[in-house]
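Please treat every number below as a calculation from the coordinates, not as lab data. Because the structure is a prediction, the values reported are computed rather than measured. Backbone-built Cβ (ideal geometry, glycine too); neighbour counts: all protein chains shown.
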Amino acid sequence: MSKADLDKQPAQVAAMFDEVSTHYDRTNTVLSVGNASLWRVATTRAVGPRAGEKILDVAAGTGTSSASLARNGASVVAADFSEGMIEVGRRRQADNPYVSFVQADAMQLPFEDDTFDAVTISFGLRNIVDPRTALAEFYRVTKPGGRVVICEFSHPPVSLIRAGYSAYLKYGMPVLAKLASSNPAAYEYLMDSIQAWPAQPELASWLRDAGYESVAWRNLTAGIVALHRGRKPIPAKPVEVAEPAAAAKKPAATAAKSATAAKPATAAKKPTTAAKKPTTSAAKKPSSATKPAATKPAAEGTNSTPTVPPEGE
């Protein structure tokens, strides 16, 4: 019987879950005192799957959570690191066309960027060697505007409930694990990993650091479990630069103004031409007026030269 330690080496964790895969769902029901199904319903509602959406269910195990997510017609990819879990899941979901299984490492997801409308993980994030790296991967494969939902064991905020829960983990759960599990030692790891897991505000800060916005959480079963949510922001649309087009129009407008301004200049030339005509006409008229004055004395037989009176008269 194998038990992973808190170093959470992938091979150890995978081997541990391979051993418990056959009775995994039954053991969860027993250890959660029937609350596992309620937490699954709450997670599904938080994800809000819609027909036609593509959803990634990380650490999906045997696919029980994936089947719940696919109930409304969403296409769900159930990813898990444990080959044993995937084998059991494929058998159980063989008739479900909306669920497909992929063996995958949460820290190196084999999917393209911006692939899924939603990414979710239930009770698996604390089993990953580097949860922050996994969250960065979740963010990468989430579509802009898509969401992330994490359902994970947490820390009850009320001290009395927290004390009672710690007593259950230490004394009650080992007894139940021996009755329900094929590998009771594996659930000693469960207790250790829950107690070492950060509280709700710290996990929320990890989500924000990964890039998610609108991060929030709500406690389930008095905070024994917490449901964290976030959304991948939609990039701001690049502002359409209309200035070059406007600038291109300005010279045309300027040219139009120049053309309009040139018209008075053309009109100004017309008075200049008209001004020349009176000058020419006026110059000719005095010449015509002097001619009769010079010819009239000649017609009367008088000298055209004026007579000068003798000096002294």
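So if I restrict to the alpha-carbon atoms in region 27-102, what is the Rg, and what is Dmax, the biggest pairwise distance, in Å?
In Å, with Rg to one decimal and Dmax whole: 12.0, 35.
Can you give me the orientation-averaged projected area of the convex hull built on the Cα atoms of region 42-155, in nm²?
6.7 nm²
Would you mind listing how long region 95-225 runs along its three principal axes, going by Cα atoms, in whole Å with the largest first?
45, 36, 27
Under the 0.36 nm per residue contour assumption, what length would be gained going from the current alpha-carbon distance of Ala51 and Arg132 to full extension?
Difference between extended and current length: 26.1 nm.
For a label point 7 Å from the Cα of Val158 along Cα→C-beta, name the residues of region 203-244 whose backbone N is under 19 Å from it.
Hits in region 203-244 for Val158 at 19 Å: 218-227.
Using the Cα centre as the reference, give the magnitude of the dipole from point charges on the C-beta atoms of region 189-243 (Lys, Arg: +1; Asp, Glu: -1; all else neutral), rounded to the nearest 20 debye.
240 debye
What length, rounded to one decimal in nm, is gained on full extension from Thr29 through to Glu83, with 0.36 nm per residue of separation minus their alpha-carbon distance?
Going from the current span to full extension adds 17.2 nm.
What net charge do the residues around Pro157 carry, taking every other residue with its C-beta under 14 Å from that of Pro157, with Lys and Arg at +1 and Asp and Glu at -1?
Net of charged neighbours comes to +1.
Given a Förster distance of 30 angstrom, what is the FRET efficiency for Asp209 paired with Gln103, based on the Cβ-Cβ distance and rounded to 0.05?
0.60
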